[in-house]
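A short worksheet on the structure shown next.
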Amino acid sequence: MTNTTSMKNSEPKKMSLWLKILIGMIAGIFAGMLLGCNAEYIKPIGQLFISAIKMLIVPLIFCSLIVGVTSMKDTTKMGRIGIKSIVFYLATTAVAISIGLGLGIFFEPGAGLNMVATTVADAKPSTSLMNTIVGLVPKNPVGSLASGNILQIIVFALSLGIALNLIGEKGEPAAKVFESLADAMYKLTELVMRLAPYGVFALMAWVSGKYGLDVLLPLIKVIGLVYLGCIIHILVLGGGFVGLLGKLNPQRFYKGIIEAQVIAFTTTSSSGTLPASIKCATQNLGVSRTVSSFVLPVGATINMDGTALYQGVLALFIAQAFGVDLSTTDYLTIIATATLASVGTAGVPGAGLIMLSLVLTTVGLPLEGIAIVAGIDRILDMARTTINVTGDLMVTLLIGKSEGELDIAVYNKESTAPQTAKQ
Ligand code: ASP
């Protein structure tokens, strides 16, 4: 180490944000245990934080997607990134559901429960695939922006971006406006993220105060399996995809995304975590804004690895608990519907539980199963949302690398001089 470097290092170092958030999370767990139900009183601090990040979602997705498209004048490149995203997203979902089913078959979490289907759970009717496809195109884009319909916003933003590219010079002033708005949204994200340690503290205190051991113990096996599956999936994403396929250091990946993971874990919303994910991808991993602002919003909406894994474990748990024997066709149906259901799951809290009804109905499993696990869904949602976001970031990193849109010096910044991410 040179003298200059050691002098630089002797300057007082500020604690990094991810560490503060992590400390907030752990302190929150203990505070919740001490306060019990009284932790409800600090929940508003967490709700305030969630509202602040929700405030960012629509304008951030809208402006950053348009900028993503207008900065990619090369339409072939855009198509290639789109196809790569879909292929990667489906591949990681397939891995996730296989892990979920594998664990469910091996550990049999519902075996011996001997439940009998008597009541019918109050599950929302699932919308058909055709309706979902037709509903992708907004009749009124302003309405979609106002109601926060993310899929419709993505479709409109992509179309507007393409149109701005097609009109050439005439589109440049509008593109500049969106660029400047997107920059302002990134700045606002940074400011809101400074509140994260406090928001995360309050949310964790509320969760651990509300779900004491009494609530958790009866379903501990299913909780344990979903968490174990999520840990295995994170290791596969890091070791297999980032390490072997991307030839990048997985540790740097894990460290770079921890902020987003903690936000996902505590807010249980992939859409809500999007601002933090974009910040991690560009500032910590070094993926260009062009790629991050295109691949991440799509991932936060359609790529739900954790949700697919959870649906695999839960479908088997419910089948075993009610003594239903599943055939090979049933397993294949679970894989297909869980993949589709995870694509159709909105990145909001609890959406996966509602989509579970789709999987159960398709293979003829009792919907009462939903009622059994509904009480602990928040605990499961925390893990699956974290995996959903990790999958999105992993795919963004690999696409960034394969498109030459990854600043490797930023990615490896611990061992090199600090540099700013390529924008
Ligand atoms: N809460 C999850 C997410 O936002 C979706 C789910 O409930 O599975 O990613």
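FYI, it's all coordinate maths here, none of it is from the lab. For clarity, every value in this text was computed on a predicted model and none was experimentally measured. Using ideal geometry, Cβ is built from the backbone for each residue, glycine included, and neighbour counts are taken over all protein chains shown.
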Of Met15, Leu219, Gln320, whose Cα points farthest to the positive end of the dipole of the chain (charges on the beta-carbon: +1 Lys, Arg; -1 Asp, Glu; origin at the Cα centre)? Met15
Summing +1 for each Lys or Arg and -1 for each Asp or Glu, what net charge is found among the other residues whose Cβ lies under 15 Å from the Cβ of Gly28? +3
Aspartates and glutamates near Lys170 by alpha-carbon distance under 20 Å, same-chain residues fewer than 8 away left out - which ones? Asp74, Glu179
Dipole moment magnitude, nearest 20 debye, region 308-423 about Cα centre, only Lys, Arg, Asp, Glu C-beta charged: 180
Per-residue HN-Hα couplings for region 62-74, Karplus 6.51 cos²θ - 1.76 cosθ + 1.60 at θ = phi - 60°, whole Hz, x for Gly and Pro? 4, 5, 6, 5, 4, 5, x, 6, 5, 7, 10, 4, 6
Computed over region 318-423, the relative contact order (Cα-Cα under 8 Å, seq sep at least six) in percent reads 18
Is there a quick way to get the dipole size of the chain? I mean about its Cα centre, with the Cβ of Lys and Arg at +1 and of Asp and Glu at -1; what is the value in debye to the nearest 20? 1060
For the chain, what does -39500 (n - 2.57) per DSSP helix run (n ≥ 4), summed and divided by total residues, give at 222 nm, in deg cm²/dmol to the nearest 500? -23000 deg cm²/dmol
Rounded, prolate or oblate (a/c below 1.5 giving rounded, otherwise prolate when a/b exceeds b/c) for region 280-423 by Cα gyration tensor: prolate
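Sort Ser180, Ser208, Ser293 so the one with the fewest other Cβ atoms within 10 Å of its own Cβ comes first.
Sorted ascending by nearby Cβ count, the order is Ser180, Ser208, Ser293.
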Sequence gap at least 6, Cα distance under 8 Å: using those rules, report the relative contact order of the chain to the nearest whole percent. 29
Kindly state, as a whole number, the per residue volume in cubic angstrom of the convex hull around the alpha carbon atoms of region 146-274. 182
With x for Gly and Pro, the residue-by-residue ³J(HN,Hα) of region 356-367, computed from phi through the Karplus equation 6.51 cos²θ - 1.76 cosθ + 1.60 at θ = phi - 60° and given in whole Hz, is 4, 4, 5, 5, 4, 4, 4, 9, x, 8, x, 6
Whole-Hz ³J(HN,Hα) from phi, Karplus 6.51 cos²θ - 1.76 cosθ + 1.60, for region 235-244, glycine and proline x: 5, 5, 4, x, x, x, 6, 5, x, 6
Any idea what angle helix 196-210 forms with the longest principal axis of the chain, computed on alpha-carbon atoms, 0 to 90 degrees, nearest 10? 0
